[in-house]
1. About its Cα centre, what dipole magnitude does region 86-238 give when the only charges are +1 on Lys and Arg Cβ and -1 on Asp and Glu Cβ, stated in debye to the nearest 20?
2. Can you list residues whose amide H is under 5 Å from residue 232's amide H, if they're 5+ apart or on another chain and H is modeled 1.01 Å from N?
3. Residue by residue through region 20-35, what is 3J(HN,Hα) from phi via Karplus (6.51 cos²θ - 1.76 cosθ + 1.60, θ = phi - 60°)? Round to whole Hz and write x for glycine and proline.
4. To the nearest 0.05, how large is the calculated FRET efficiency for residue 147 and residue 116 if R₀ is 45 Å and r is the Cβ-Cβ distance?
5. I need the peptides 69-77, 3-11 ranked by packing, meaning the mean over residues of other C-beta atoms within 10 angstrom, with the highest value on top.
6. First measure r as the distance between the Cβ atoms of residue 9 and residue 42, then evaluate 1/(1 + (r/R0)^6) with R0 = 30 Å and state the FRET efficiency to the nearest 0.05.
7. Taking chymotrypsin sites (Phe, Trp or Tyr not before Pro) that fall in a DSSP loop and have at most 11 other Cβ atoms within 10 Å as cut points, what is the longest piece of the chain between them?
8. For the chain, what is the mean residue ellipticity at 222 nm derived from helices alone (per DSSP H run of n ≥ 4: -39500 (n - 2.57); sum divided by total residues; nearest 500 deg cm²/dmol)?
Amino acid sequence: MVKTSITRVEPNKLVTKGYRQDELMGNVPYSHVIYLLLKGELPGKKEGKMIDTMLVSGIDHGLTPPTCLVARAIASSGVPLPTAVAGGLLSVGDWHGGAIENCMAILYDAVKRMKEESKSPEEMARILLGELKEKGKRMPGLGHRIHTDDPRTKRLFKLAKELEIAGDHVALLEAVKEHFEKKGKSLPINVDGALAGVACDMGFDHKLGKALFLLGRVGGLVAEAYEEMTRERPMRRMNIEEQEYDGPEERPLPEEYRE
């Protein structure tokens, strides 16, 4: 007997986590249903806004990351769209998209210890980084090849604090960043680190770290692979140093989308 707690399938009826899919459709945003699938309950207003923000934060990063390059390279060979997108997703690993999961595991353990030992975030950050250094490891979720002040991190943390979602895990991560700054090192929290901190404060299992990245990035990969198939010549050479953006110029967000 195969059991599942996700969706019950009956003739003319689909019930996902207790809700009829046809009632979710048009009434509950896609990102909120993702939350339902992962957490088992629909999000509250604050959590719904946060999960939507989290998924959008990783939706695309141009031609710079492996996910996009792989998807486009595969798309250029004449395969179906799903094959190209799947190839891009398969390039997610410890060095690309995997930092969320690894960072979450470290934060969960460190915050647990912080509470048990009555340490401040600053004290725990010093202890944690010392232990990682002894093991020859680095703290994941810090630094970026392009951004010195990742705008996605700023937005995620700002909103998490406004919604009163940010807690001990975000605080510890910020203390880690400040610890490096006091030593004269600039290691900004990247989007993976920011997602990790917020996801921990929302109670997501650290094993879902890569999933949070995949769920956002898949939308961008569909667009990237489709563009490659419909406007570029087959099997072209791709050099990210020679890329040129020719899309719409920067424009203000329409009023109906503003808070």
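Where a number appears in this text, it was derived from the coordinates with a stated rule and is not lab data. Only a predicted model underlies this, so the values are computations on that prediction, with no experimental measurement involved. All Cβ positions, even for glycine, are placed from backbone atoms using ideal geometry, and neighbour counts span all protein chains on display.
1. 540 debye
2. Residues meeting the amide H criterion: none.
3. Values, residue by residue: 5, 4, 5, 8, 5, 4, x, 10, 10, x, 3, 4, 6, 5, 4, 4 Hz.
4. Efficiency for this residue pair is about 0.80.
5. Taking the mean over residues of other Cβ atoms within 10 Å, the ranking is 69-77, 3-11.
6. Step by step, r from the Cβ atoms, then E = 0.90.
7. It runs 96-244.
8. Working: 11 runs with 140 residues, N = 259.
Value at 222 nm, helices only, nearest 500: -17000 deg cm²/dmol.
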